[in-house]
């Protein structure tokens with residue numbers, strides 16, 4: 001039972017690692033992958049600091065990768081509780097800056113006029 005749980009976390013870790021690499025390599029161009037931001041027009045997107053946005057999302061995906069792979073390693077030793085803890089930590093990291101309104105979500109990335 002411990003190995004399938006660890007494999008599930010490893011698969012999630014690989015997905016997060018892929019997105020971290022995309023944001024590290026493509027930088028501002030990867031901002032089109034961000035939900036909500038991609039729906040802005042080019043004029044609206046120009047009002048935001050895409051470099052900082054891409055860097056922050058790279059750091060988020062890098063942190064998610066570390067958390068999930070650490071959870072997979074602990075899952076082999078501790079089993080189900082480590083799996084639940086890794087998923088809870090991942091959900092906390094993903095939803096801590098979650099906003100329904102896209103303008104409010106990206107408010108801290110606005111460039112000064």
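The values are calculated or read from the model by the stated rules, or taken from the named source; none is laboratory data. Here the structure is a predicted model, which means the values were calculated and not measured. Please note: Cβ atoms are built from the backbone with ideal geometry, for glycine as well, and neighbour counts cover all protein chains shown.
Where helices (runs of 4 or more DSSP H) fall wholly inside the range 1-78, the ranges with 1 or more residues that are over 16 Å from residue 106 (Cα atoms) are 2-26, 50-78. Among the residues of the range 6-26, those that are within 14 Å of the chain's Cα centre (by Cα) and without any contact (Cβ under 8 Å) to a residue 40 or more places away in the chain comprise 14, 15, 18, 21, 22, 23, 24.
Taken together, the criteria exclude residue 37 from residues that are modelled with pLDDT under 90 and touching a strand residue (DSSP E or B) at 6+ places or on another chain (Cβ under 7 Å). Within the range 79-99, the set of residues being part of a helix (DSSP H, G or I), loosely packed, with under 14 Cβ neighbours inside 10 Å and touching a helix residue (DSSP H, G or I) at 6+ places or on another chain (Cβ under 8 Å) comprises 80, 94.
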